[in-house]
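Please treat every number below as a calculation from the coordinates, not as lab data. These numbers come from a predicted model, not from an experiment. Virtual Cβ from ideal backbone geometry, glycine too; neighbours counted across all protein chains shown.
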Amino acid sequence: MDILTEIIETSDNMVEVLKKDGFFDEQLLIHPSDLRVALQIKMQRKWEQENEMYLTDSEFLDVCNELMSENISKGLSDLIDSGHVEVAVDPNGELVYSTTDKPFDL
């Protein structure tokens, strides 16, 4: 078995175990398919740099935190783009956010 096949199988197994354990029910900002891809990328890079594909707990958490950050950022950007959230700069130069009265299309 080559390393890429092993990485794919390992990431698939990790995601399946996490599904069974309810991880995705608790971590609503992480989608299984996004995590699978992110794990594969991280594992392949680790293999290329260290000749080791298995992630430490810390590396796994880094992958999860990056996905959550991306999804929060994208969600906020979508709300701003749709006009449901407004952004301004306060006198201290900090960004401030507020909701609008625009109804959501359901």
*asked:* For a quick check of your reading of the filter: which chymotrypsin sites (Phe, Trp or Tyr not before Pro) in the chain sit in a DSSP loop and have no more than 16 other Cβ atoms within 10 Å?
replied: TYR54, PHE104
*Pick the calculated P(r) over Cα pairs in 10 Å bins from 0, in percent for this structure from [x] 10, 27, 30, 22, 9, 2; [y] 16, 53, 28, 4; [z] 13, 33, 24, 18, 11, 1?*
[z]
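So which GluC sites (Glu not before Pro) in the stretch 32-106 pass both tests, a DSSP loop state and at most 15 other Cβ atoms within 10 Å of the Cβ?
GLU52, GLU94
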*Give me the angle, in degrees from 0 to 90, between the Cα long axis of helix 32-50 and the longest principal axis of the Cα atoms of the chain, rounded to the nearest 10.*
60 degrees
